[in-house]
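Presented below is the structure to which this report refers.
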């Protein structure tokens, strides 16, 4: 009985999930956004990657996810789409494709998160995106999520660490210095 109930729940969850995919695709209504995403979809197709859906979400910056229905989604904040250049958006998509291709899960244990981020970052270069545009998009993230990546967090490495791993050593040094200054400012604000 419990097994059968579980199967029914999973079946309905799959139906609802796929309906959400269809509804979210229609949310990209303005012409500029549609054109930008169509250019990105063409690049994804040129890579030979199938069943990728770009979806709008208001509570995430960007996230790649796979499901048991063999559809794979990349969720993007509309503000991110509008404020990013094509080059920045492509670099983000490459990173999220890396998560999907590698089979990373949103629920992966915390100790693996940083390594998964570095592995996914490698797809930025692998798919020919500009690593500097990727780091710029991460720095832009703070306007959307209000999370500052000048230091390591539980889920993501700092921008400086990521820049260094992508071979942007000069940029990594600058970001590290900015991060230390920001940490000191935050510490002084907390003391007040």
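The values are calculated or read from the model by the stated rules, or taken from the named source; none is laboratory data. Bear in mind that the values here come from a model prediction, so they are computed numbers and not experimental data. Cβ: placed from backbone, ideal geometry, glycine included. Neighbour counts: every protein chain shown.
Numbers at a glance
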| quantity | calculated |
| --- | --- |
| Residue in region 28-41 that is over 21 Å from residue 136 (Cβ atoms), modelled with pLDDT under 70 and surrounded by fewer than 18 Cβ atoms within 10 Å (Cβ to Cβ) present | yes |
| Matching entry among 144, 119 (being part of a helix (DSSP H, G or I) and at pLDDT 85 or above) | 119 |
